[in-house]
1. Which of these, Ser204, Ser128, Ser72, has the largest mean-square fluctuation under a Gaussian network model of the chain (Cα springs below 10 Å)?
2. Put +1 on the Cβ of each Lys and Arg and -1 on the Cβ of each Asp and Glu in the chain; which of His330, Gly155, Ile282 then has its Cα farthest toward the positive end of the dipole?
3. So for the range 252-343, what are the equivalent ellipsoid semi-axes in whole Å, largest first, each being the square root of 5 times an eigenvalue of the Cα gyration tensor?
4. Restricting everything to alpha-carbon atoms, can you work out Rg to Rh for the range 72-138 with a Kirkwood hydrodynamic radius?
5. In whole angstrom, note down how far apart the Cα centers of the range 93-111 and the range 154-173 are.
6. With a 10 Å cut-off between alpha carbons and a GNM built on the chain, which of Pro234, Pro242, Pro328 moves the most?
7. Lys and Arg at +1, Asp and Glu at -1: add these up for the other residues within a Cβ distance under 12 Å of Glu213 and post the number.
8. Where the only charges are on Cβ atoms (+1 Lys, Arg; -1 Asp, Glu), what is the dipole of the chain about its Cα centre, to the nearest 20 debye?
Amino acid sequence: MSKRFLEILKGKKTDRPAFWFMRQAGRYLPEYMEKRKEAGSFLDLCYNPEFAIEVTHQPLRRNKMDAAILFSDILVIPHALGQDLAFQVGKGPVLTPIDSLSKLNALSIDHLHECLSPIYNTVKGLSSTLGQETALIGFAGAPWTVATYMVQGHGSPDQAAARSWAYNDPSVFQKLIDLLVEATSSYLIRQVDHGAEALQLFDSWSGSLPEKEFERWCIHPTAKIIQNIRAIYPDIPIIGFPKGAGAKYPNFIKETGVTAVSIDTSMPLEWARDHIQSLVPIQGSLDPLLLAAGGDALEKEALRILDIFKDGGHIFNLGHGIVPQTPPEHVEQLSKIIRDYRY
Ligand code: 1CP
């Protein structure tokens with residue numbers, strides 16, 4: 001049996017769009033909250049293959065999505081490079097900021113695979129348990145987005161610390177990006193070695209970069225990672241998500257060689273169809289807050305998205321992750337709408 005999600009990424013026509021949801025495993029599910037508590041902390045959950053496999057399966061038991069994303073986080077890369085990391089409940093990630101060349105030089109790629117080996121075991125376990133119809137997506141953060149957390153030490157609305165460092169000392173900042181390109185390429189190759197069937201690169205904060213900086217800190221590192229992966233796995237589908245990149249998407253697609261892109265909620269749908277979906281399959285882009293609201297408005301907008309993208313490759317998804325206050329029944333309602341839709 002072929003997997004609808006992978007067929008679409010190959011440019012094939014299917015009976016209906018494929019679908020999965022960013023953060024389909026996570027805090028809106030009571031069974032996830034229970035597992036996280038049992039694990040001790042969010043990071044303990046990420047590094048415990050048995051638990052990470054279980055939480056990846058949880059949403060699929062309620063609704064059979066066409067794909068599942070490995071349960072982990074983008075910040076395991078800085079952690080494996082030697083940066084301190086903790087996830088504080090209600091606050092998010094906290095890292096000791098890398099704000100000088102000496103702190104940057106103290107990071108090391110030598111123990112990368114040793115530190116990340118539990119994650120490879122999760123991928124391997126998922127690969128043998130997801131079944132015939134559900135594709136396994138591996139992922140990593142793109143270098144720019146990961147660097148914003150490494151430099152600031154936590155999430156921030158404007159990514160000011162990384163943007164300033166990139167302006168004040170671009171050659172040193174480039175060293176950080178180069179290290180991330182190397183680590184991320186080799187991390188993703190290992191995920192494919194262990195059974196990932198497609199990869200997604202999350203550049204959640206690329207929207208804060210002006211045109212030239214977008215080229216240097218988003219497009220170039222992404223292109224290099226894709227080149228490194230394709231040297232080993234020429235056919236692996238890679239989905240880019242330069243969130244907030246707006247009119248810079250077409251260039252991103254042409255210059256990086258991504259197989260497909262995810263689009264965010266702010267993107268006008270008809271523009272995206274004409275300028276993006278005409279180049280590659282598109283993934284997106286329902287507003288996660290509309291999913292949380294549910295009802296007729298959710299149904300109407302889901303059908304509008306399905307109709308607009310029906311003539312090209314479309315993987316239905318949200319414009320960003322499911323929010324914790326989302327009633328699980330709304331995820332079931334949306335899954336049914338997509339599952340019943342026919343081309
Ligand atoms: O409290 C909890 O249980 C932790 C909540 C949580 C979860 C479920 C975090 C903390 N990360 C994750 C899992 C996760 N993160 C996945 C796999 C699960 C899935 O999608 O089903 C993925 C792909 C990510 C990726 C991720 N982590 C991104 C990129 C996508 C995005 O959301 O923009 C980013 C930016 C992070 C950092 C992160 N992880 C967690 C938090 C609270 C944050 C910070 C977000 C911020 O700065 O606003």
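1. Ser128
2. Of His330, Gly155, Ile282, it is Ile282.
3. Details: eigenvalues 112, 42, 23 Å².
They are 24, 14, 11 Å, listed from largest to smallest.
4. Working: Rg = 15.4 Å, Rh = 14.1 Å.
A ratio of 1.10.
5. Answer, in whole Å: 14.
6. Comparing Pro234, Pro242, Pro328 in the GNM, the peak value goes to Pro234.
7. Details: positive: Arg163, Lys212, Arg216, Lys248; negative: Glu211, Glu215.
Overall, the nearby charge balance is +2.
8. On the way: 34 positive and 39 negative charges, 99 e Å.
Result for the chain is approximately 480 debye, rounded to the nearest 20.
The values are calculated or read from the model by the stated rules, or taken from the named source; none is laboratory data. Just so you know, these numbers come straight off a predicted model, no measurement behind them. In this analysis, Cβ positions are derived from the backbone assuming ideal geometry, glycine residues included, and neighbour counts consider all displayed protein chains. Areas reflect the complete protein model, heavy atoms only, side chains present, ligands, DNA and RNA absent. Shrake-Rupley method; radii C 1.70, N 1.55, O 1.52, S 1.80 Å.
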